[in-house]
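So the structure is just underneath, and the comments pick up after that.
The values are calculated or read from the model by the stated rules, or taken from the named source; none is laboratory data. Model, not experiment: these values are computed from the prediction. We place every Cβ from the backbone using ideal geometry, glycine too, and count neighbours over all the protein chains shown.
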Amino acid sequence: MTIQNGARLSRRRLLVTAAAALGVTAFPSPFIRRASAQDAFPSRDLNVIIPTSQGGVVDRVGRAVAPFWSKNLGVNIEFDYINGASGEIAYQTLVDRRDADGHNLLLGNVGNEMVMYATRDTAFDFPGDVTYIARTDIDDSAIFVRNESPFQTIEDLVEEGQTRALNVGTARLPHPASIGVLALGEATGAQFNIVPYGGGNPMMVAALSGETDCTTSAFSLPAQTPDQYRYLGVFSTENRFSALMGNAPSVNEVFGTDIPDLPSARGIAIQTSVLEEQADRVEILLEALRSTYDDPGFRADWEKTGAPWEIAQFGDQAAIMAYANDMRLMAENYRSLLTSG
């Protein structure tokens, strides 16, 4: 198995204007009045790097959050899509090519990118150069199959994997769900060949066509078309979203394993120097983002993305940094398997 390292820089810009997106008249918010007493922050539009292609999960989260966050801050939010090297190029761009003044951020797949960091010799340091300040959402990693699959349970899948190697589709090799499958194989003796498809959309196409024996990803992807897929198990001590997953069991519960919880979460990153030297600006950003989740219109916009509302859970810096460090440690434990082949 290899991680494709084609350093392809694809940059497209999306300008989100709060007044136009929400159909309201722009007028000062409490966040802007507070900022006026603190060097008028933000004084220009925010630029948010997304380390994946336009149209993916992170992009959809950004599009849902941006109009409300933008309204609260009183400035527009501009996205840059910088895809390549499993997110490494995007993070390096934030560190090397963006002013460290609070106006430049990154919205990423934190688990995926911590796996990338743990398995690559990157030029940037975490958390020395870049750190996370907030979580936008979180959902659990699961194994699922198309409805026509012969596998009815996770036990069926593992039993077959003990007799032959099964192809397991995934969006990217650096992903919490990939670690879960590797850990399951190690614990049960099942043989899993992880096949990265380079994104959620091609992965779901392969899952539906039967090109792979099963698929592993964040559960929210198949939840968008629940009549086409069947969940077999979840990499979580307790299935927090059981009602949305057909009561799929915890993998640990079925096999008596102790695989750590492996959720997938999106988060906001910033240069560490901003957090250390301009903490007041970070607090303004966070206060405005936190208030987004209380806006009555936010749920409707979130649900338009197809993702379950239940995963839209704001998390503070402590929550997202604890998650990031857990994912990094897990990836370091499975580094040899994640980089083999």
| task | For residues that are surrounded by fewer than 21 Cβ atoms within 10 Å (Cβ to Cβ), within 25 Å of F235 (Cα to Cα) and among the β-branched types (V, I, T), tally how many sit in segment 260-296. | result | 0
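Quick grid of which residues meet (1) assigned by TED's automatic domain parsing to the domain that holds W309; (2) at pLDDT 95 or above; (3) farther than 21 Å from G169 by Cα:
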{"position": "P226", "(1), (2), (3)": "no, no, no"}
{"position": "G233", "(1), (2), (3)": "no, yes, no"}
{"position": "N239", "(1), (2), (3)": "no, no, yes"}
{"position": "A243", "(1), (2), (3)": "no, no, yes"}
{"position": "T272", "(1), (2), (3)": "yes, yes, yes"}
| said: Suppose we filter T212, T188 for residues that are touching a Gly at 6+ places or on another chain (Cβ under 8 Å), in contact (Cβ under 8 Å) with a residue 60 or more places away in the chain, not assigned by TED's automatic domain parsing to the domain that holds T272 and not hydrophobic (A, V, I, L, M, F, W, C); which single one remains? | reply: T188
| Looking only at residues in segment 159-187 that are among the small types (G, A, S) and assigned to a helix (DSSP H, G or I), which one is surrounded by the most Cβ atoms within 10 Å (Cβ to Cβ)? | S178
| modelled with pLDDT under 95, more than 30 Å from E159 (Cβ to Cβ) and of a type in the set (A, V, I, L, M) - does that describe any residue in segment 275-282? | no
| request: Please work out if V205 is assigned by TED's automatic domain parsing to the domain that holds S236, under 23 Å from the mean Cα position of the chain (by Cα), among the β-branched types (V, I, T) and surrounded by fewer than 17 Cβ atoms within 10 Å (Cβ to Cβ). | output: yes
| message | Please pick out the residue among A322, A331, A265 that is free of Cβ contacts under 8 Å to residues at least 24 places away in the same chain, outside any loop (DSSP other than H, G, I, E, B) and not basic (K, R). | response | A322
| request: Might you check whether a residue that is surrounded by 23 or more Cβ atoms within 10 Å (Cβ to Cβ) and not in a helix (DSSP H, G or I) occurs anywhere in segment 193-202? | output: yes
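State the number of residues belonging to segment 168-186 that are over 23 Å from the mean Cα position of the chain (by Cα) and at pLDDT 95 or above. Steps first, answer last, please.
Residues of segment 168-186 that are over 23 Å from the mean Cα position of the chain (by Cα), as a first pass: 185-186.
From the residues that got through so far, the ones that are at pLDDT 95 or above too are 185.
Going through segment 168-186 one residue at a time, the tally reaches 1.
Scan the strands (runs of 3 or more DSSP E) fully inside segment 2-90 and keep the ones with 1 or more residues being in contact with a helix residue (DSSP H, G or I) (Cβ under 8 Å, 6 or more places away or on another chain), modelled with pLDDT under 95 and crowded, with 18+ Cβ neighbours inside 10 Å.
Once the strands (runs of 3 or more DSSP E) in segment 2-90 are filtered for at least 1 residues that are in contact with a helix residue (DSSP H, G or I) (Cβ under 8 Å, 6 or more places away or on another chain), modelled with pLDDT under 95 and crowded, with 18+ Cβ neighbours inside 10 Å, what remains is 13-16.
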| note | Over segment 205-246, the set of residues part of a loop (DSSP other than H, G, I, E, B), closer than 23 Å to D137 by Cβ and either among the β-branched types (V, I, T) or in contact with a His (Cβ under 8 Å, 6 or more places away or on another chain) (or both) is T225, T237
| query | Among the residues of segment 102-150, how many are touching a helix residue (DSSP H, G or I) at 6+ places or on another chain (Cβ under 7 Å), assigned to a loop (DSSP other than H, G, I, E, B) and closer than 24 Å to S43 by Cα? | reply | 2
